[in-house]
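Each remark here refers to the structure printed beneath this line.
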Amino acid sequence: MGGNRLRRARSLVLATGLVAASSACAHGGFEGVGTFYAGLLHPLAVSAHLVALVAVGVFCGQRGWAFVVDSLPTVAAATMIGLALARPETEPVAGPLLLVAAGFTGLAVALELKLPATAAAIWVALVGGVIGVDSPTDLATGSAERWIALGGTSLGVLLLFAWCATPVARINAAWQRIGIRVVGSWLSAGAVLSLVLVATGRGA
Amino acid sequence: MLSDARFRWLGGVLIALLTVVAGDPASAHEATGTAAGGFASGFMHPLLGPDHLIAMIAVGLWGAVLGAPALWILPIAFPLVMAFGGALGVAGVPLPGVEVGIAVSALVLGLAVAAAARPPIWIAALIVAAFAVLHGHAHGVELPDSASPLAYSLGFVTATGLLHLAGIGIASAYGKPAGRVVVRVVGAGIALAGLVFLIGRS
């Protein structure tokens, strides 16, 4: 049963990636790519988003494969809600908030914290939502292009989350679990330092 | 040789790490700076400072000498404590004698390895934590303004962790009598280098 779920999830991730490759529109935040692709690549382009997603992916992976699969719709929905609410005015608050979330998530990974499932799911949703809120676009509200961009970003967030969570969910050996905890401490340390930089006006 | 399952797992982890390292927002977000350049700059910082480098290897060596649970507690806790020191450095909070303290860290940790010292873990943790704050402070103060700050932070934290791992790797032979001698000689070498740095800064 576990193997079938894994294969289905893999197929879904691969299929959506292949579908995404066929879209091409006029405008994008990245030169030379379409709006959908620009949205898809967005989580890779913003360091705080990348770190937060890696941290939350590893956090979910530590809880096991079942939790990762159950978190996929949570991450997707929360990100889309956050994206719908995103405005340029929310960026100054959402950015530092995301670093705080990444710091705490990395710390939870380092400590191998076993939160109750509901609390963990709420935390994952919050992180996804903040990533969304921190991703405003200057495309016209209600325009088809805006929805395409937001769709691409949602998918990019989901793929990156799944990409990070999947190998962690499959580990069994003690040395691998320790390695993941070390990675968690690195992520937390990086987020804390970046937060201090932002607070002192030296960071983006 | 790696089994298929372990190979796939390592491949996934490497791809994930490469994703983090290779993210280059140069065309998209001016605010984030050049993440790849910031990560590389941060990564090189501990490697280009011989005092940082040998002290971090000594942390890994001493962790192996102390054995479990220090062996894995140190690599997990060190980056977090170092980040605290780094935050102080970034915030401009002065700490007295940071450079001297970094030289002392190489001397003390090298001596601890050379002597195969195995104090209670809380004492070892306090010693390492104190040095972690100093090392972090030095990295934080020297943070270049132009780099992507988060990428830079991740870079030097990652490099520090890999140096610990190198120390642990060197000390993996500690179980054998000949390996124990090698590890202690390496520790003595680190202590000597630390003494040279200390004399140079006095």
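The values are calculated or read from the model by the stated rules, or taken from the named source; none is laboratory data. None of the values given here were measured: they were computed from a predicted structure. Cβ coordinates were reconstructed from backbone atoms using ideal geometry, including for glycine residues, and neighbour counts include every protein chain displayed. Heads up: the accessible areas ignore ligands, DNA and RNA and are worked out on the full protein's heavy atoms, side chains in. Shrake-Rupley method; radii C 1.70, N 1.55, O 1.52, S 1.80 Å.
Which pairs do you get when a residue that is under 8 Å from A:Gly190 (Cα atoms) and surrounded by fewer than 24 Cβ atoms within 10 Å (Cβ to Cβ), found in segment B:143-155, comes within reach of a residue that is among the aromatic types (Phe, Trp, Tyr) and at pLDDT below 75, reach meaning Cβ atoms under 9 angstrom, with the pair 6+ apart or on two chains? Here the result reads none, with nothing in segment B:143-155 linked to a residue that is among the aromatic types (Phe, Trp, Tyr) and at pLDDT below 75.
The selection criterion, being farther than 14 Å from B:Asp51 by Cβ, assigned to a loop (DSSP other than H, G, I, E, B) and either touching a Leu at 6+ places or on another chain (Cβ under 6 Å) or within 13 Å of chain A (Cβ to nearest Cβ) (or both), does not hold for B:Leu162.
Yes/no matrix, rows are residues, columns are (1) more than 10 Å from every other protein chain (Cβ to nearest Cβ); (2) crowded, with 17+ Cβ neighbours inside 10 Å:
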{"residue": "A:Glu145", "(1), (2)": "yes, yes"}
{"residue": "A:Ile148", "(1), (2)": "yes, yes"}
{"residue": "A:Arg170", "(1), (2)": "no, yes"}
{"residue": "A:Trp175", "(1), (2)": "no, no"}
{"residue": "A:Val182", "(1), (2)": "no, yes"}
{"residue": "A:Ala191", "(1), (2)": "no, yes"}
{"residue": "A:Val198", "(1), (2)": "no, yes"}
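Quick check: anything in segment B:65-77 of a type in the set (Gly, Ala, Ser), closer than 17 Å to B:Phe156 by Cα, part of a helix (DSSP H, G or I) and within 14 Å of chain A (Cβ to nearest Cβ)?
The initial filter retains those residues of segment B:65-77 that are of a type in the set (Gly, Ala, Ser), namely B:67-68, B:70, B:77.
When the remaining residues are screened for being closer than 17 Å to B:Phe156 by Cα, the result is B:77.
In the following step, the residues that additionally are part of a helix (DSSP H, G or I) were identified as B:77.
Subsequent filtering for residues that are within 14 Å of chain A (Cβ to nearest Cβ) retains B:77.
Yes, segment B:65-77 has at least one match.
Yes or no: segment A:109-122 includes at least one residue that is under 30 Å from B:His139 (Cα atoms), open to solvent by less than 30 Å² (accessible area, probe 1.4 Å) and within 14 Å of chain B (Cβ to nearest Cβ). Give the steps one after another, and end with the answer.
Here is the first cut: in segment A:109-122, the ones under 30 Å from B:His139 (Cα atoms) are A:109-113.
Narrowing further to those that are open to solvent by less than 30 Å² (accessible area, probe 1.4 Å): A:109-110.
Imposing the further condition that a residue be within 14 Å of chain B (Cβ to nearest Cβ) reduces the set to A:109-110.
Yes.
For (1) touching a Cys at 6+ places or on another chain (Cβ under 9 Å); (2) of a type in the set (Val, Ile, Thr); (3) within 27 Å of A:Ile178 (Cβ to Cβ), each residue gets a yes or a no:
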residue: B:Met44; (1), (2), (3): no, no, yes
residue: B:Leu47; (1), (2), (3): no, no, yes
residue: B:Gly86; (1), (2), (3): no, no, yes
residue: B:Val98; (1), (2), (3): no, yes, no
residue: B:Ala125; (1), (2), (3): no, no, yes
residue: B:Gly136; (1), (2), (3): no, no, yes
residue: B:Ser148; (1), (2), (3): no, no, no
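Residue pairs whose Cβ atoms lie under 9 Å apart, separated by 6 or more positions or on different chains, with the first residue in segment A:72-92 and free of Cβ contacts under 8 Å to residues at least 12 places away in the same chain and the second of a type outside the set (Phe, Trp, Tyr), are A:Glu89/A:Pro136. Within the set B:Ala125, B:Ala178, the sole residue that is away from every other protein chain (no Cβ under 12 Å), over 17 Å from B:Trp62 (Cβ atoms) and assigned to a helix (DSSP H, G or I) turns out to be B:Ala178. Summed over segment B:37-83, the residues that are over 11 Å from the mean Cα position of the chain (by Cα), more than 20 Å from B:Ala103 (Cβ to Cβ) and open to solvent by less than 10 Å² (accessible area, probe 1.4 Å) give a count of 6.
Picking from residues in segment A:128-183 that are in contact with an Asp or Glu (Cβ under 8 Å, 6 or more places away or on another chain) and in a helix (DSSP H, G or I), the one that is nearest to B:Thr160 (Cα to Cα) is A:Arg181. For B:Val104, the criteria (1) over 28 Å from A:Ala48 (Cβ atoms); (2) within 13 Å of another protein chain (Cβ to nearest Cβ) hold in every case but one, which is (2). Within segment A:59-92, if we keep just the residues that are farther than 28 Å from A:Asp138 by Cα and open to solvent by less than 10 Å² (accessible area, probe 1.4 Å), the residue that is nearest to the other protein chains (Cβ to nearest Cβ) turns out to be A:Gly61.
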